[in-house]
Every structure is written in structure tokens, then in C-alpha cells.
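Okay, structure first, notes after.
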Amino acid sequence: MVDIDKIRQLVEMMVANDLVEISLRDGEEEVNLRRPHVVTGPTIPVHLPYGHLPMAHSSIPPAQSTMSTETPVAPKVEETFLEIISPMVGTFYSSADPESPAFVQVGGNIQIGSVVCIVEAMKVFNEIKSEIAGVVERVLVKNAQPVEYGQPLFLVRPHA
């Protein structure tokens, strides 16, 4: 049986050393870990303790040419969204069971501590709670879809 604490340590080591993939074999046990795609662009990480780590997203307008004879236009203000990300590898479930409504809906308000989904890992159903308050702008995964450690699950517009 695979030790979940060892897997967490491997994931932390991958993040700390910016590794994308790692494969280990110890006798009969084999572990293959792959981090989700590396995000490029204007993503700003928010460092919080281990858990349901949100990450900030914002659009940065392109630099304006100083050679232009046109009147400069003020940059368009873009909204900033925070991510609720998966704290583990597993299967995403939007509700407690197939007959129940989803924990959150697009346009719905969530508070700090609100259950937003369940991630099943090794037959254990883990409630994922929000560490931010705001409005759910987008659900990024489908029900019963496999998710990776650090994968964004929701985009949230934080309350002002």
C-alpha cells in the first residue's frame, strides 16, 4: 500500500525543485507523479499554508509603443480572479452524491470555509473548503474528472 505522506513529500519536493514529472519504483510499488501544465503569463502565486491554495489571475495589457502618434489610451482594467486549486491527486465531485445539487454554482457566493467540492483520493472522500470569499465565476473541471495536485478547480471573483 502506498503511503500518502510519502506522496505528499514527493509532491512538495517536485514543487520545490520545479520538477514536472517523477517516477519511482520500490520493489513491487511504483509511483508516477506528473504536475499539471506549467502556467505561463500573468499568473501571480499567493503563498499560503498547505491546503486549498488560491492563486491570483489578472490580465496585463501589452506595453504601448512610444513611437505612436496616436493619443495614448488608458489601459483597460481587468478583473482579478482567484483560483481554488486541488490540494491532492484524485477524482473531482461537484456534489455529495449523484442525486444532490452541486456544492457551488457559477454566479453563486461562497464564504471562507464553504465546501466547494469533494476530491476522492484512495477511496477517501475529502471535502475541499474555500479559503476565499467571493462569487464563483467559472468551474474549471467536470464532475467525476480526475484532477492533479495544484490543478485549478474554480475561478472566484473575491468580495471587495
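The values are calculated or read from the model by the stated rules, or taken from the named source; none is laboratory data. Everything numeric here is computed off the predicted structure, so don't read it as measured data. Cβ placement follows ideal geometry from the backbone for every residue including glycine, while neighbour counts extend to all protein chains displayed. What goes into the accessible areas is simple: the full protein's heavy atoms, side chains included, and nothing from ligands, DNA or RNA. Shrake-Rupley method; radii C 1.70, N 1.55, O 1.52, S 1.80 Å.
Is there a residue being small (Gly, Ala, Ser), touching a residue at least 12 places away in the same chain (Cβ under 8 Å), within 27 Å of Ala16 (Cα to Cα) and in contact with a strand residue (DSSP E or B) (Cβ under 9 Å, 6 or more places away or on another chain) anywhere in the range 112-119?
Just the residues of the range 112-119 that are small (Gly, Ala, Ser), to begin with: 113-114.
Then keep just the ones that are touching a residue at least 12 places away in the same chain (Cβ under 8 Å); that gives 113-114.
When the remaining residues are screened for being within 27 Å of Ala16 (Cα to Cα), the result is none.
No, there is no match, as no residue in the range 112-119 is small (Gly, Ala, Ser), touching a residue at least 12 places away in the same chain (Cβ under 8 Å), within 27 Å of Ala16 (Cα to Cα) and in contact with a strand residue (DSSP E or B) (Cβ under 9 Å, 6 or more places away or on another chain).
Here's a check for you: in the range 116-143, which residue that is not in a strand (DSSP E or B) and not hydrophobic (A, V, I, L, M, F, W, C) is surrounded by the most Cβ atoms within 10 Å (Cβ to Cβ)?
Kept after step one, since they are not in a strand (DSSP E or B), are these residues of the range 116-143: 122-123, 130-133, 140-143.
Applying the additional criterion that residues be not hydrophobic (A, V, I, L, M, F, W, C) yields 123, 130-131, 142-143.
Working: Lys123: 6, Ser130: 23, Glu131: 18, Lys142: 8, Asn143: 13.
For the range 116-143, the residue satisfying everything is Ser130.
Just to be sure I understand, how many residues within the range 144-157 are out of contact with any Lys or Arg (no Cβ under 8 Å at 6 or more places or on another chain) and open to solvent by 50 Å² or more (accessible area, probe 1.4 Å)? Steps first, answer last, please.
Of all residues in the range 144-157, those out of contact with any Lys or Arg (no Cβ under 8 Å at 6 or more places or on another chain) come to 144-147, 151-153, 156-157.
Next, from what is left, pick out any that are open to solvent by 50 Å² or more (accessible area, probe 1.4 Å): 144-146, 157.
Total satisfying the criteria: 4.
Figure legend. Inter-residue proximity from the range 1-29: first residues farther than 14 Å from Tyr149 by Cα, second residues modelled with pLDDT under 70 and not small (Gly, Ala, Ser), beta-carbon distance below 8 Å, spacing 6+ or different chains. Indicated pairs: Glu29/Val2.
For the range 82-105, how many residues are within 16 Å of the chain's Cα centre (by Cα) and not hydroxyl-bearing (Ser, Thr, Tyr)? Give the derivation first.
Restricting attention to the range 82-105, the residues satisfying the condition of being within 16 Å of the chain's Cα centre (by Cα) are 82-94, 104.
Retained after the next criterion (residues that are not hydroxyl-bearing (Ser, Thr, Tyr)): 82-85, 87-90, 92, 104.
Residues flagged as within 16 Å of the chain's Cα centre (by Cα) and not hydroxyl-bearing (Ser, Thr, Tyr) within the range 82-105 amount to 10.
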